[in-house]
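I have placed the structure first, in the form of structure tokens, so that the comments after it can refer back to it.
The values are calculated or read from the model by the stated rules, or taken from the named source; none is laboratory data. Keep in mind that this is a model prediction, so the values were computed, not measured. As a convention, Cβ positions derive from the backbone with ideal geometry for all residues, glycine included, and neighbour counts pool all protein chains shown. Side chains included, ligands, DNA and RNA excluded: accessible areas come from the protein's heavy atoms. Shrake-Rupley method; radii C 1.70, N 1.55, O 1.52, S 1.80 Å.
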4 protein chains.
Amino acid sequence: MSAPRARDVYERREQPLHAERCGLLVVDVQNWVMDEENRQPRPEFYKAARGHVIANIARLIDRARASGVEVIYTVMENFTGDGRDRSLDYKLSNFFIAKGSWDAKVIDEVAPCGDEMVIPKTSSSLFNSTNFEYLVRNIGLDTIIVAGFLTDQCIDHTIRDGADRGFHMICVKDGCATDTHARHEAALNAFKGYCRMETTDSLLAAMERDFGR
Amino acid sequence: MSAPRARDVYERREQPLHAERCGLLVVDVQNWVMDEENRQPRPEFYKAARGHVIANIARLIDRARASGVEVIYTVMENFTGDGRDRSLDYKLSNFFIAKGSWDAKVIDEVAPCGDEMVIPKTSSSLFNSTNFEYLVRNIGLDTIIVAGFLTDQCIDHTIRDGADRGFHMICVKDGCATDTHARHEAALNAFKGYCRMETTDSLLAAMERDFGR
Amino acid sequence: MSAPRARDVYERREQPLHAERCGLLVVDVQNWVMDEENRQPRPEFYKAARGHVIANIARLIDRARASGVEVIYTVMENFTGDGRDRSLDYKLSNFFIAKGSWDAKVIDEVAPCGDEMVIPKTSSSLFNSTNFEYLVRNIGLDTIIVAGFLTDQCIDHTIRDGADRGFHMICVKDGCATDTHARHEAALNAFKGYCRMETTDSLLAAMERDFGR
Amino acid sequence: MSAPRARDVYERREQPLHAERCGLLVVDVQNWVMDEENRQPRPEFYKAARGHVIANIARLIDRARASGVEVIYTVMENFTGDGRDRSLDYKLSNFFIAKGSWDAKVIDEVAPCGDEMVIPKTSSSLFNSTNFEYLVRNIGLDTIIVAGFLTDQCIDHTIRDGADRGFHMICVKDGCATDTHARHEAALNAFKGYCRMETTDSLLAAMERDFGR
């Protein structure tokens, strides 16, 4: 009895994509993160974000909407006025993004529309602090494409948690950024074992191929 | 209403330690991981593990036992004979550590004793796949010291999940190792914001100072 | 080692109340439930609800607000326009309470105010489907007082889940109602072992006694 | 956008059974519960249990094993020697079923065999306190048949939690019992809305019909 069931043996991590079972999760692409004036200096981040990352996310959102892929946003945002609901970690880190504030809003370039869900969180991985898993299981998703900020913080953590919890996770490596390019690369190298790694172009090509069938 | 409650404001992440509220979590220090013959080549890992990491973990376990700190182990191990209970990620990664096997056992140098808990898992972070959080909340722990393998895989992930879920997390940086020293350092740099970073010596000194009060 | 730790032995389920660690959870006291025209006929329910239950909940809310007890509401309400986020059980049961609708609103008599949380759900117990446990742990609550509708459905289930998850649960037996008085009594009898049972009067007296200290 | 998706509309709660997606969960059918000498007097319970309930569970287990339906057991049992891991509710209720004891064992009449899972718990619903949901999702189950003890305690609670969490729940009403017949009937009436209700005979007939296809 020490051999696995046939159905538990996979040839490869890459599986064909099905639009109705895919979600595109856009993480923390919000005004607070893009506020170069008031955040810590991190020129490499803003260069990457404004140079190609946000544009790539916008392309993915367009394709997702056109194909019936669920687009989901999460943002750092308190649920209470005084932020008493924040995680211990956010309290220890002195993170406080006021409920309903401009800081908490998704940036205009990739704004949600229609019936898309925006899920506030006060944690690193929304799997730990919100009912995200519950929502996407109810909707019928088994594959989560992740893009946004920061590669070595919320993106890394979300990829790992999703993998542990039974989702096929896909990281869009040029749809993410963090403080420096070196940190970005180190993070991709650290968590690549938990997911399928794609570029925006390769993922759009895979959608073209798989959704068309 | 946009100011936090006084009780939610912390001066620093470091808080005094209380023995009865601390757990020492020893992650994946098991025969399978230490099996240099049958695993991938990674000389830097075995050098660090055999050179200082295991010895440091043993010192921490001794101090924990002497002080009433809960010592908890987790190991990669199937719960069923054919491993059908494994996470999707373990199936995709072709990880299969047989139930009750020598591979699944904690290595002799840091073996559990008495009434200590050993929690099998088939995932990266035991928070996602076991009732660890439930157990430690019932026991009354709020601080988790993490040591073991691998720094940029299960250690990183466990630190982040624990932080998100409201625990004071402490990483013993010379009580961990991974495939290369460069990966080890990059991981510590990536997740340092989620925890208190200590060396074995500095943590033992903190225990000496705080438990003595 | 087969005797419990001294700290795990309790003389009684009733423990002194601390205002800052108590939450008052008001369950499903919303227009949809009180809509006698459009729901199934259940005269005993409306008689109890309008006769004393809503008035009792209002009294408890007043006392809670005056004492700094956290008042929390949950309502049945979709998170998406088409309700695709609903639990399988709500889909099977054909429950559909539109997002942002009048049906989903707390009734005026016990309306939320200020910075109080209102948590939408599409399930029986909000512990299963929302981040309620996360929120209340972050806030620092360990005792949950439950009132609302229906005694043998969401109230029963919420009491049991909270008990399992480590909270001191208190049921306000004259702050709840269900379709018939017989069902109400049978439910109280079934789940009384999971909680402390109080009337509105006895609970207000306990608050008076314990909070005054 | 206030109409549900077509795929979210169900004609009926009863769905065709698929053997490889069904689990039979046997709850608390253990020596401690059947120990008439040392437990509280409850003649109606022992009469039902010994008269038909255990025999019905045995019939279902036989059929499940013959068809490849996963048979899973849960028992009340401490995970630590001194029971410090028990839920607050078990501590408040003074429940203490020693790890590895005769009390914790499934009774011989319906004993587990082969690679079947036995999951210890110290709570009412194993969904709250164990990794049961994780295990069965990994195995690929979406339908859980529940039998065992007590109808108005762990059975009721497990049915409700499973329903909330997206499983098709089936209660075997003559495969359960509780202290009195009146309590048994009241509980079935209270939670019937969360599940498909079957007798042993009707469920065996459904298996015969659906598995044969």
Quick check: is even one residue across the range B:162-181 β-branched (Val, Ile, Thr) and part of a helix (DSSP H, G or I)? no
Somewhere in the range C:26-33, is a residue part of a loop (DSSP other than H, G, I, E, B) and either of a type in the set (D, E, K, R) or within 12 Å of chain D (Cβ to nearest Cβ) (or both)? yes
Search result, residues across the range B:1-33 that are without any contact (Cβ under 8 Å) to a residue 60 or more places away in the chain and either over 16 Å from B:Ala163 (Cα atoms) or of a type in the set (A, V, I, L, M, F, W, C) (or both): B:Met1, B:Ser2, B:Ala3, B:Pro4, B:Arg5, B:Ala6, B:Arg7, B:Val9, B:Glu11
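When the range A:182-194 is examined, which residues are found to be without any contact (Cβ under 8 Å) to a residue 24 or more places away in the chain and either crowded, with 21+ Cβ neighbours inside 10 Å or of a type in the set (Lys, Arg) (or both)? Before the answer, list the steps.
Taking the range A:182-194 as the starting set, the residues that turn out to be without any contact (Cβ under 8 Å) to a residue 24 or more places away in the chain are A:182, A:185, A:189, A:192-193.
Passing the criteria: only A:Lys192.
Scan the range A:60-85 for residues that are charged (D, E, K, R), under 21 Å from A:Leu135 (Cβ atoms) and out of contact with any Gly (no Cβ under 7 Å at 6 or more places or on another chain) and jot them down.
As a first pass, look at the range A:60-85 and keep what is charged (D, E, K, R): A:62-63, A:65, A:70, A:77, A:82, A:84-85.
Filter again for under 21 Å from A:Leu135 (Cβ atoms), leaving A:65, A:70, A:77, A:85.
Within the range A:60-85, A:Arg65, A:Glu77, A:Asp85 meet the criteria.
When the residues of the range C:1-21 are narrowed to those that are of a type in the set (Gly, Ala, Ser) and more than 7 Å from chain D (Cβ to nearest Cβ), which ends up farthest from C:Ser202 (Cα to Cα)? Reasoning before the result, please.
Of the residues in the range C:1-21, the ones of a type in the set (Gly, Ala, Ser) are C:2-3, C:6, C:19.
Still in the list and also more than 7 Å from chain D (Cβ to nearest Cβ): C:6, C:19.
Numbers: C:Ala6: 30, C:Ala19: 16 Å.
Checked the range C:1-21; the qualifying residue farthest from C:Ser202 (Cα to Cα) is C:Ala6.
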Consider B:Glu70 against the criteria (1) surrounded by 22 or more Cβ atoms within 10 Å (Cβ to Cβ); (2) without any contact (Cβ under 8 Å) to a residue 60 or more places away in the chain: it satisfies all of them except one. Which criterion is unmet? (2)
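Here is a yes/no grid of residues against (1) surrounded by fewer than 23 Cβ atoms within 10 Å (Cβ to Cβ); (2) hydroxyl-bearing (Ser, Thr, Tyr); (3) touching a helix residue (DSSP H, G or I) at 6+ places or on another chain (Cβ under 6 Å):
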position	(1), (2), (3)
D:Lys91	yes, no, yes
D:Val106	yes, no, no
D:Ser123	no, yes, yes
D:Asn138	no, no, no
D:Asp152	no, no, yes
D:Arg160	no, no, yes
D:Cys176	no, no, yes
Taking first residues from the range B:76-88 that are β-branched (Val, Ile, Thr) and second residues anywhere that are modelled with pLDDT of 95 or more and in a loop (DSSP other than H, G, I, E, B), the pairs with Cβ under 6 Å that are 6 or more apart or on different chains are B:Thr80/D:Asp115
Just to verify a result, which residue in the range A:1-57, among those that are among the charged types (D, E, K, R), at pLDDT 95 or above and touching a Leu at 6+ places or on another chain (Cβ under 8 Å), is nearest to B:Asp85 (Cα to Cα)? A:Arg21
Given the criterion touching a Pro at 6+ places or on another chain (Cβ under 9 Å) and among the aliphatic types (A, V, I, L, M), identify the matching residue among D:Val136, D:Val110, D:Val106. D:Val106
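Could you count how many residues in the range C:162-174 are open to solvent by less than 20 Å² (accessible area, probe 1.4 Å) and either at the interface with chain D (Cβ under 10 Å from one of its Cβ atoms) or of a type in the set (A, V, I, L, M) (or both)? Steps first, please.
If we filter the range C:162-174 for residues that are open to solvent by less than 20 Å² (accessible area, probe 1.4 Å), which is where we start, we get C:162-164, C:167, C:169-172.
With either at the interface with chain D (Cβ under 10 Å from one of its Cβ atoms) or of a type in the set (A, V, I, L, M) (or both) added as a condition, the list becomes C:162-164, C:167, C:169-170, C:172.
Looking only at that region, the number is 7.
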Do you know which residues across the range C:200-213 are open to solvent by 10 Å² or more (accessible area, probe 1.4 Å) and either touching a helix residue (DSSP H, G or I) at 6+ places or on another chain (Cβ under 8 Å) or assigned to a strand (DSSP E or B) (or both)? C:Leu204, C:Phe211
Determine if the range A:10-20 includes at least one residue that is within 30 Å of B:Ile159 (Cα to Cα), of a type outside the set (S, T, N, Q), out of contact with any Phe, Trp or Tyr (no Cβ under 6 Å at 6 or more places or on another chain) and not in a loop (DSSP other than H, G, I, E, B). no
Return a yes/no flag: does the range C:33-51 have any residue that is surrounded by fewer than 17 Cβ atoms within 10 Å (Cβ to Cβ) and of a type in the set (Gly, Ala, Ser). yes
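Only one of B:Arg65, B:Arg12, B:Arg59, B:Arg5 is open to solvent by less than 70 Å² (accessible area, probe 1.4 Å) and among the basic types (Lys, Arg). Can you tell me which?
Working: B:Arg65 fails: open to solvent by less than 70 Å² (accessible area, probe 1.4 Å); B:Arg12 fails: open to solvent by less than 70 Å² (accessible area, probe 1.4 Å); B:Arg59 fails: open to solvent by less than 70 Å² (accessible area, probe 1.4 Å).
Residue meeting the stated conditions: B:Arg5.
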Can you name the number of the only condition in (1) surrounded by 24 or more Cβ atoms within 10 Å (Cβ to Cβ); (2) within 23 Å of D:Arg5 (Cβ to Cβ) that A:Thr143 fails? (1)
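May I ask you to verify whether D:Ala187 is touching a strand residue (DSSP E or B) at 6+ places or on another chain (Cβ under 9 Å) and either within 12 Å of another protein chain (Cβ to nearest Cβ) or polar (S, T, N, Q) (or both)? Reasoning before the result, please.
Values: touching a strand residue (DSSP E or B) at 6+ places or on another chain (Cβ under 9 Å): yes; either within 12 Å of another protein chain (Cβ to nearest Cβ) or polar (S, T, N, Q) (or both): yes.
In short, yes.
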Residue in the range B:128-149 that is hydrophobic (A, V, I, L, M, F, W, C), touching an Asp or Glu at 6+ places or on another chain (Cβ under 7 Å) and farther than 23 Å from C:Asn131 by Cα present: yes
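With respect to C:Met197, determine if the residue is surrounded by fewer than 21 Cβ atoms within 10 Å (Cβ to Cβ), within 14 Å of chain D (Cβ to nearest Cβ), assigned to a strand (DSSP E or B) and of a type in the set (A, V, I, L, M).
Judged against the criteria, C:Met197 is a match.
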